[in-house]
1. Roughly what would the spin-label model give for ARG87 and LYS65, points 7 Å off Cα along C-beta, in nm?
2. Does segment 53-136 come out rounded, prolate or oblate, given a ≥ b ≥ c as the square roots of the eigenvalues of its C-alpha gyration tensor, rounded meaning a/c under 1.5 and, failing that, prolate meaning a/b above b/c?
3. Would you mind checking which residues have amide H under 5 Å from LYS102's amide H? H placed 1.01 Å from N; only 5 or more apart, or other chain.
4. Taking amide H positions as placed in the peptide plane 1.01 Å from N, state which residues far from ARG117 in sequence (5 or more) or on other chains have amide H under 5 Å from it.
5. Each residue of segment 106-111 in turn: what ³J(HN,Hα) in whole Hz from Karplus with 6.51, -1.76, 1.60 and θ = phi - 60°, glycine and Pro shown as x?
6. In straight Cα distance, which lysines are under 27 Å from LYS82, not counting same-chain residues fewer than 8 positions off?
7. Sticking with the crude label model, points 7 Å out along Cα→Cβ, report the distance from ASN121 to ASP135 in nm, one decimal please.
8. Remind me, relative contact order of segment 32-132 in percent, using alpha carbon pairs under 8 angstrom and six or more residues apart?
Amino acid sequence: MKKTHAITLAASLGVALAYGAGNEITVGNMPPSVVKTVPACGDTEVDPDLKEITVTFSKDMMTEKMWSVCQISSEHYPKRRKDLFYRDGRTFVFPVILKPGKTYVMWFNRAQYNSFRDTGNRPAVPYQLVFKTKDK
């Protein structure tokens, strides 16, 4: 198992145990998770002219400057074009400038950086987004 998959699995299990222990498990009391990204994780043909990365969560989120977009290195992190924002209560927008033929890696919540939170103040399950832009 790859290290990043092990981290995500461990985080997911820890979250489920923390919120589910002794309580009825419901959609309402479980933490939010990423349900969609644009570009999709694993996409290797992303248009380098894409102007924004979007992340949609499973629940309504705290939207007032509540985010933790983490990098593993500056080399693999996109350049920000303007301020980050929520398009609606569930979709986070990261305006970017991408380069052709480049692999990008971003985490949405990671370890102690867990500011993506639902309206019940539950931190989102950490999510790693990896994609590559196509050559021009």
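Bear in mind that the values in this text are calculations on the coordinates, not laboratory data. As the structure is a prediction and not an experimental result, all values here were calculated from the model. Cβ placement follows ideal geometry from the backbone for every residue including glycine, while neighbour counts extend to all protein chains displayed.
1. 2.4
2. Details: a/c = 2.30, a/b = 1.74, b/c = 1.32.
Here segment 53-136 falls in the prolate category.
3. THR133
4. Residues meeting the criterion, in which the H sits 1.01 Å from N, are MET62, ALA124.
5. Computed from phi, the couplings for segment 106-111 are 9, 10, 10, 6, 6, 6 Hz.
6. Here the lysines satisfying the reach criterion relative to LYS82 are LYS36, LYS51, LYS59, LYS65, LYS99, LYS102, LYS132, LYS134, LYS136.
7. 5.2
8. Values: 231 pairs, mean separation 37.6, N = 101.
Reported relative contact order: 37 percent.
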